[in-house]
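Just below is one structure, and these are the notes that go with it.
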Amino acid sequence: MHCVIMTVEGFVLFDATYDQGVHVERGIPPFESKAFAEGLMRDITLIFFRPSGKLTGSALSADGGLICRYETGSETVEDVLVNVDDSWNIRQYRNGELERFITAGGDRTDGKKDDPFIPLQLELTAYGEYGYSLHLRLIEAKRLTDEAR
């Protein structure tokens, strides 16, 4: 995985890769620490990749959404909820405490309704001593062709 944080002018504030470990290529304060890089890569993985834990349960919510629970060891639990309106949420718990909450969805334009699992907007909230929120809004999405893959 490769992650870059860049200003609108094109100045790179942070550039790191993850492959069996985090490697920071460039980090301008306050983005230079390895702890920041590791946390960012964990958040990206939580948002965009399949849970790494074992599926330990599934159920329907009261309003008809599907909930799946994934557990990694005895410390981490991730609950993934796909709502009937195709929005989705992820709750990540560590040692029984809510650590991350992600909500994704938003109204789709007519041209984007054919791919409901690509959300128009996404929000991640991290809890704890150094809690923060990250808000993302889709500007453009293009389907990759075989040549681009």
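The values are calculated or read from the model by the stated rules, or taken from the named source; none is laboratory data. No experiment lies behind these values; they were computed from the predicted model shown. We place every Cβ from the backbone using ideal geometry, glycine too, and count neighbours over all the protein chains shown.
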Among the numbered conditions (1) touching an Asp or Glu at 6+ places or on another chain (Cβ under 9 Å); (2) modelled with pLDDT of 95 or more; (3) surrounded by 14 or more Cβ atoms within 10 Å (Cβ to Cβ), tell me where residue 55 comes up short.
-> (3)
Determine the pairs where a residue that is modelled with pLDDT of 90 or more, located within segment 108-137, has a partner that is surrounded by 11 or more Cβ atoms within 10 Å (Cβ to Cβ) and assigned to a loop (DSSP other than H, G, I, E, B) with Cβ atoms under 9 Å apart, the partner being 6 or more residues away or on another chain.
-> 121/106; 121/138; 122/106; 122/138
Restricting segment 69-81 to residues that are more than 22 Å from residue 133 (Cβ to Cβ) and not polar (S, T, N, Q), which is surrounded by the fewest Cβ atoms within 10 Å (Cβ to Cβ)?
-> 73
Quick one: count up the residues across segment 16-31 that are touching a residue at least 12 places away in the same chain (Cβ under 8 Å) and more than 18 Å from the chain's Cα centre (by Cα).
-> 5
Which listed residue, of 40, 13, 60, is outside the structural domain of residue 124 (by TED's automatic domain parsing) and under 30 Å from residue 85 (Cβ atoms) = 40
Assess whether residue 4 counts as being surrounded by fewer than 13 Cβ atoms within 10 Å (Cβ to Cβ), part of a strand (DSSP E or B), modelled with pLDDT of 90 or more and not assigned by TED's automatic domain parsing to the domain that holds residue 127.
-> yes
